[in-house]
Amino acid sequence: MILIPKLANKHPAYRPIALSSACCKLTEYMLKNRLDWYLEAHRLIPDNMFGFRRGLGTMECLSKLVGPIYDTFCNREFLTAAFVDVKGAYDSIHIPTLILRLQDLNVPDVFCNYIYITYFMFVFYISHPHLV
């Protein structure tokens with residue numbers, strides 16, 4: 001990891017630049033694709049969850065919502081809906097909790113162990129001109 005100073009700030013601040021190897025990026029991509037497949041194949045993701053799912057986006061979400069809105073409007077009833085968007089949820093995930101949750105979903109131990117090794121067994125080196 002290389003720390004690059006931010007010039008616009010009055011106080012010393014640094015922008016970390018991670019130099020992940022192509023192998024790490026490829027491994028992460030393969031883990032994600034395999035986990036997506038496993039969760040979809042075993043129907044472990046609720047039907048009303050649209051984020052981060054292949055082929056499901058805003059239009060599918062809206063089409064699922066329009067029917068109940070139309071029905072309640074025609075019947076002169078009320079409809080209550082809740083929408084949740086957690087900012088930065090993916091970036092701030094707690095890996096041990098993720099692994100426990102995957103184990104609860106019967107994701108194979110080999111896969112969970114690989115995630116653990118990938119995220120906890122790496123050593124990071126920080127490079128900065130003023131650090132020795």
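Arrange the residues Asp71, Asp85, Asp36 by how much accessible surface each exposes, largest first, with a 1.4 angstrom probe.
Values: Asp71 90, Asp85 145, Asp36 45 Å².
Putting Asp71, Asp85, Asp36 in descending order of accessible area: Asp85, Asp71, Asp36.
Local charge for Ala81 was computed over the other residues whose Cβ lies under 15 Å away, with Lys and Arg +1 and Asp and Glu -1, and equals -2.
For Thr72, Thr97, give the ranking by accessible area with the largest first, probe 1.4 Å. Working shown, then result.
Numbers: Thr72 20, Thr97 80 Å².
I get Thr97, Thr72, largest accessible area first.
When all protein chains stay in place and ligands, DNA and RNA are ignored, the 1.4 Å accessible-area order of Cys23, Cys61, Cys112, Cys74, largest first, is Cys23, Cys74, Cys61, Cys112.
Close amide H pairs (under 5 Å, H built 1.01 Å from N) link Tyr14 with Lys6, residues at least 5 positions away or on another chain. For Lys25, the aspartates and glutamates whose Cα comes closer than 20 Å to its Cα, not counting residues fewer than 8 places off in the same chain, are Asp36, Asp91.
The values are calculated or read from the model by the stated rules, or taken from the named source; none is laboratory data. Note that the structure is a prediction, hence the values are computed from the model and not measured. Don't worry about glycine lacking a Cβ; one is built from the backbone with ideal geometry, like all the others, and counts go over all protein chains shown. In case anyone asks, the SASA skips ligands and DNA or RNA and just uses the protein heavy atoms, side chains included. Shrake-Rupley method; radii C 1.70, N 1.55, O 1.52, S 1.80 Å.
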